[in-house]
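The structure appears right after this line, and notes come after that.
Quick note: the coordinates plus some simple rules give every number you see, no bench work behind them. None of these values were measured; they are calculated from a predicted model. Every residue, glycine as well, gets a Cβ built from its backbone with ideal geometry; the counts of neighbours run over all protein chains shown.
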Amino acid sequence: MPDKKVLPFIKLVLLAIALTFSVLASTAKADGKHDFFFEVSRGDAFYKFFYSAGLSGRLLKKLMDSDERAQRLNHIHPGDKFKISLDENHSLKKIVFVPLNANPMLISYSKKKFSFVVVNIQPTEDIAHSTITIKKSLNYDAKKAGIEAEVIKLMVDNFSWELDLRRDLRKGDKFVLVWDGEKTPSAMIYVGDRKTIALFAYKDSTGQKKYYTSEGKTLNDSFSFPPLKKYTRISSGFQKSRYHPTLKVWRSHLGTDFAAPKGTPVYAPAKGVVKHLATLTGYGNVVYLQHGAEYLTVYAHLAGFKKGLRTGTKVSKGDPIGFVGSTGQSTGNHLHYEIRLNGVHKDAEKFKPPKQSSVPSSAMVDFKDHSNRILSELGIK
């Protein structure tokens, strides 16, 4: 049940939705007193409505600086509605903002201070969603549930940054996909015994759609470079052909070598999971880190591994994973570092993996409202 203090506003919002708003460059008072009604058309801006009600630019600036929620007024869309009410002295009393696709908001102005209330109005229809229950694997069970390959890839690409999809999933875990009429879901939610990971779609100003947590962050990590804090020089760069110092033959060198004293710590450049840890003839002591579904990094010729590190260990950005050495086919102490994208070697000095991105601060209030509404409707905490 809504708070009793909010109930009058809910009635006001429902009344505002029911009213027919007029779109006028200079707005007439709708009730002959002190209420102004507006409906947004293409090219409209909130400040035009504010000035049409006879209010000042100084008061508008005070409103915009008063609370981050006021930034919602700078991101309006055709069909959104406003009611601006003045008191008997023609001073601002309140603003009712009723957007088409987000929760309504009441802004009150009293004693030279603004107060904000956002009302969570629940949808009247069940939210459209699909549920995948894990029995064998995400790929297998999603296909059985009729989920298209494009969407399965989206799920793998996003959730792999937080879940080891081979090791972490348990029978009975669920993935919930929320649909809003597009080919790709508007939300993707993992529900397991130990944690829940919810991702929500947001389109940026270019129309690019990405998935963000309810805090407005993508799950992917930003990579740091280089993967060690101290080194003397880059002793060998990424080359399609070079003369191998120990094998005495020409061959490609698909990594970057950092000369450093023996025992220098090597760090994970981004969060990931240890895919493989071994001692090999060529690479010597080597660690392979998987970052999400697409990125693999390699650390070779190590003197040793971080204590406790093993296949399947999850690491965070900046965690130590090993120490510089000269094991395997090596002529001196150095770290051989590789980065691979979908199995293709990249020049670590030039390649720029995508950085973690965020929902713009101006859109965060609406984004959080939308995210919380979906979780509430699905009964997910």
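Yes or no: the stretch 219-228 includes at least one residue that is assigned to a strand (DSSP E or B) and either of a type in the set (A, V, I, L, M) or out of contact with any Leu (no Cβ under 8 Å at 6 or more places or on another chain) (or both). No - not one qualifying residue is present in the stretch 219-228. The residue that is surrounded by the most Cβ atoms within 10 Å (Cβ to Cβ), counting only those in the stretch 260-277 that are closer than 26 Å to residue 167 by Cβ and of a type in the set (Val, Ile, Thr), is 266. Might you let me know whether the stretch 113-135 holds any residue that is surrounded by 12 or more Cβ atoms within 10 Å (Cβ to Cβ) and free of Cβ contacts under 8 Å to residues at least 24 places away in the same chain? The answer is yes; a qualifying residue exists. Please go through the stretch 332-346 and pick out each residue that is in a loop (DSSP other than H, G, I, E, B) and either polar (S, T, N, Q) or within 22 Å of residue 161 (Cα to Cα) (or both). Scanning the stretch 332-346 gives 333, 342, 343. Taking the criterion of being part of a strand (DSSP E or B) and out of contact with any helix residue (DSSP H, G or I) (no Cβ under 6 Å at 6 or more places or on another chain), would at least one residue in the stretch 349-364 satisfy it? Among the residues of the stretch 349-364, at least one is part of a strand (DSSP E or B) and out of contact with any helix residue (DSSP H, G or I) (no Cβ under 6 Å at 6 or more places or on another chain), which makes the answer yes. Please verify whether residue 84 is of a type in the set (Val, Ile, Thr), more than 26 Å from the chain's Cα centre (by Cα) and under 15 Å from residue 40 (Cα atoms), treating the condition exactly as stated. Against the criterion (of a type in the set (Val, Ile, Thr), more than 26 Å from the chain's Cα centre (by Cα) and under 15 Å from residue 40 (Cα atoms)), residue 84 qualifies. Going by what's in this entry, would residue 289 be described as of a type in the set (A, V, I, L, M), closer than 29 Å to residue 162 by Cα, touching a residue at least 24 places away in the same chain (Cβ under 8 Å) and assigned to a loop (DSSP other than H, G, I, E, B)? Here the answer is no, as residue 289 does not meet what is asked.
Answer yes if at least one residue in the stretch 93-103 is touching a residue at least 24 places away in the same chain (Cβ under 8 Å), surrounded by 20 or more Cβ atoms within 10 Å (Cβ to Cβ) and under 30 Å from residue 354 (Cα atoms), and no otherwise. Scanning the stretch 93-103, I find at least one residue that is touching a residue at least 24 places away in the same chain (Cβ under 8 Å), surrounded by 20 or more Cβ atoms within 10 Å (Cβ to Cβ) and under 30 Å from residue 354 (Cα atoms), so the answer is yes. Within the stretch 151-169, restricting attention to residues that are acidic (Asp, Glu) and closer than 14 Å to residue 211 by Cβ, the residue that is surrounded by the most Cβ atoms within 10 Å (Cβ to Cβ) is 162. Take the conditions out of contact with any Lys or Arg (no Cβ under 8 Å at 6 or more places or on another chain) and either in a strand (DSSP E or B) or surrounded by fewer than 19 Cβ atoms within 10 Å (Cβ to Cβ) (or both) and apply them to residue 329. Does it pass? Answer is yes for this residue.
Within the stretch 170-215, the set of residues being surrounded by 14 or more Cβ atoms within 10 Å (Cβ to Cβ), under 15 Å from the mean Cα position of the chain (by Cα) and not in a strand (DSSP E or B) comprises 185, 186, 213, 214.
Residues that are under 10 Å from residue 254 (Cβ atoms) and over 25 Å from the mean Cα position of the chain (by Cα) within the stretch 331-345 comprise 336, 338, 344, 345, listed in sequence order.
Any idea how many residues of the stretch 299-312 are part of a loop (DSSP other than H, G, I, E, B) and surrounded by fewer than 18 Cβ atoms within 10 Å (Cβ to Cβ)?
Taking the stretch 299-312 as the starting set, the residues that turn out to be part of a loop (DSSP other than H, G, I, E, B) are 306-312.
Imposing the further condition that a residue be surrounded by fewer than 18 Cβ atoms within 10 Å (Cβ to Cβ) reduces the set to 307-312.
So the answer is 6.
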